[in-house]
Structure formats: structure tokens, C-alpha cells
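Notes follow once the structure below has been shown.
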């Protein structure tokens, strides 16, 4: 950095001077020295930028190979940015190769505090890639791997709902059942019931109107706080008393009209 400052100072002095202090060969030599000093200053400045940040910069420009090089370099650094580099590598690998990507090593190598972030991101990206089995395996591992995470039930719910929106209904139903089995007193239990009822109402191989109605009857009979205080309760009761149909029920719950 000091080299760059010296070069700029000299150049500024020369620019303001009426006479350049050198001539002929001396002037050429001076120009070469100044250029070298300025370049050294820029290199020093670049070295001060972390490998992770340089990776982010090159990734934003589409320089994939350069970005990968910097992110892999950042993995060797003992800093919080190593985990962020791991997340970037996870995204790049899954974007390129989907479930064939070697993403497990990235999950295992992160700091314990950051692992939940990587698991959630990988789960969503595998769902996007249509990789139902790897996504489901990874997401079902989450509560066991992070038993102290207060957001574990929410992870199952959010990924289940996302899978249902993608039309991946087997995955969504499995995640909702797992949520209800592991966290029966969760405040998300009523939402999981409704989405399971919707699962059996939607057209497809699992469509089962009797099963759908049974779930709604169970919902109405539940006395747990999540069900007693559920915003869905009036709509469920309206359906069960014949005042509305299932299309009205799910539409009133902010789901697309079916």
C-alpha cells in the first residue's frame, strides 16, 4: 500500500510541476519505476481483500472457475468467512450437478453453529432440483442432528409446504407426518393437519376424500392449544357443518383456489 501512495504522490507532484525533473533515459526509467510502485500498491490492496469476498465478486461476474478457486482457498482460513465460503460452494455444486454433487463433505466440514444453515439450504436446493429421495433423507435427519434447535419443527413445516407447492406431494406429506410425530404440541400442528388434508384433496395418486374428511374431523376434535386457537378452526367447522365446501376451505386459508 505504501508503494501506491508514494507513486501517486510523485505523479501528483510531477503533474503540478511546470518542468518534469528528468529527461531522456532518466525520464523513461523513472516512469518504469513509478509504474512498478503503483502496481505493487494495487497488488497489496488486493491481498487485503479476503479470499471469500474475492470469490463473491468473481461469482457475481460469472467467473465460475476463479470464484471456486477463491472459495476453496477461503475454506483453509480460520474465520467465519470459511463457513460462508462453504455455503457458496454448496450452492455452486448443487446448481451444476444437483443430487450428483458431492455436497455431504461440505455439510460435515462446517462449524457446528453453521451446520443447520447448510442443511436447510441443501434441502431446499435438492427439492428445486427434483431430487426427492436425497432431499427427504437430508430433511428427516435435521431434527436428530440438531435436537436443540428450536426451529426444527419449522424446518419440517416450511420444507414440507415448499415441496407441496412444487407438486412433490410424497415428500411434503412425509415431512408433515414427521412433524406431527416428533412435535405433537407444536404451534404448527394445526397447519400441518390442514396441509395433510389438502394433500389428500388434491388430484393425484394420493387423492382420498374420506381420508381428507377424517383429518378435518380429527382437527375439530383436537383440544390442544394449537387447535383451539387455530385461525383455521372456523373454516373447518363451516365445512363440517355443510356451510362451505373444500374449495372454500382451502381458499380461505390463503391457498390457491383448487
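The values are calculated or read from the model by the stated rules, or taken from the named source; none is laboratory data. None of the values given here were measured: they were computed from a predicted structure. Cβ placement follows ideal geometry from the backbone for every residue including glycine, while neighbour counts extend to all protein chains displayed.
Looking across 5, 66, one residue alone is in a helix (DSSP H, G or I), more than 21 Å from the chain's Cα centre (by Cα), modelled with pLDDT of 90 or more and surrounded by fewer than 17 Cβ atoms within 10 Å (Cβ to Cβ). It is 66. Scanning the stretch 230-242 for residues that are touching a residue at least 24 places away in the same chain (Cβ under 8 Å) and assigned to a loop (DSSP other than H, G, I, E, B) turns up 230, 232. Screening 190, 214, 210 for residues that are at pLDDT 95 or above, part of a helix (DSSP H, G or I) and surrounded by fewer than 13 Cβ atoms within 10 Å (Cβ to Cβ) leaves exactly one candidate, 210. Here is the figure for the stretch 88-113: residues that are part of a loop (DSSP other than H, G, I, E, B) and surrounded by 16 or more Cβ atoms within 10 Å (Cβ to Cβ) total 3. Checking 131, 173, 122 one by one, the residue that is closer than 25 Å to residue 215 by Cα and in contact (Cβ under 8 Å) with a residue 24 or more places away in the chain is 173 and no other.
Anything in the stretch 125-145 that is closer than 20 Å to residue 96 by Cβ and surrounded by fewer than 19 Cβ atoms within 10 Å (Cβ to Cβ)? List them, or say none. Once the filter is applied, which keeps residues that are closer than 20 Å to residue 96 by Cβ and surrounded by fewer than 19 Cβ atoms within 10 Å (Cβ to Cβ), the stretch 125-145 yields 128, 129, 130, 132, 133. The condition of being at negative phi, assigned to a helix (DSSP H, G or I) and at pLDDT below 95 holds for only one of 255, 250, 227, 176, that being 250.
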